[in-house]
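Everything below concerns the one structure shown next.
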Amino acid sequence: MNNWYKIAKDFTERNMVNDKIRYLRDIKQTLNNISKVIFHSAKFAKNVNYDIVTSKKITSYPNIQDILSQADLIALDSPGKFAALCREAVDSINYKISDLVTEREELSEQSNRTKKGWY
């Protein structure tokens, strides 16, 4: 894996992609934590999940939001299913993060192209 930040020249779009990656990694860590906490404190896990579902940034990812809203409905009744839906959302987040990382690498390669010499 190359250091994309050493190659990059224009950081405007890459900064937006990095913010998305950072946000998704934070959400992933939170979901991993609440999928374990659900068995001890269902109300707390439900409240944290509700905060994630109602945040404005998650609306950019409707499939993840749908999974988490389903998990919110069953959090108090079935903690095992809640944890499984959280893990499913984490898998979706992992796929989205890998897509964003490749997008970031493509943006870095575009900005690194020169106008002189052979390509």
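Laboratory data are not the source of any read-out in this text; all were calculated from the coordinates shown. Remember, predicted model here, so these are calculated numbers, not experimental data. Glycine gets a Cβ as well: all are built from the backbone with ideal geometry, and neighbour counts include every protein chain shown.
In whole Hz, with x marking every Gly and Pro, tabulate ³J(HN,Hα) for the stretch 67-84 from phi via Karplus 6.51 cos²θ - 1.76 cosθ + 1.60, θ = phi - 60°.
Listing the rounded values in order: 4, 6, 6, 5, 5, 5, 5, 10, 4, 7, 7, 9, x, x, 5, 4, 5, 5 Hz.
If you consider only alpha-carbon coordinates, what radius of gyration and Dmax does the stretch 4-87 have, in Å?
Final numbers for Rg and Dmax: 15.3, 51 Å.
What is the order of V37, V90, fewest Cβ neighbours within 10 Å to most? Display every interim value, and only then the final one.
Values: V37 15, V90 19.
Fewest to most other Cβ atoms nearby, the residues stand as V37, V90.
Taking neighbour Cβ counts within 10 Å as the exposure measure, how do K43, K20, K81 sort from fewest upward?
Going from least to most buried by this count: K43, K81, K20.
Could you tell me which of the pairs K20/K56; K46/K81; K28/K56; K56/K81; K43/K96 are separated by over 23 angstrom between their Cα atoms in the structure shown? Intermediate results must be reported in sequence, preceding the final value.
Values: K20/K56 13 Å; K46/K81 13 Å; K28/K56 16 Å; K56/K81 25 Å; K43/K96 28 Å.
The pairs that break the limit, which is 23 Å between Cα atoms, are K56/K81; K43/K96.
Got a sec to turn the phi values of the stretch 45-56 into Karplus ³J(HN,Hα) couplings, 6.51 cos²θ - 1.76 cosθ + 1.60 with θ = phi - 60°, whole Hz, x for Gly and Pro?
So the J values, rounded to whole Hz, are 5, 5, 5, 5, 5, 4, 4, 5, 5, 8, 6, 6.
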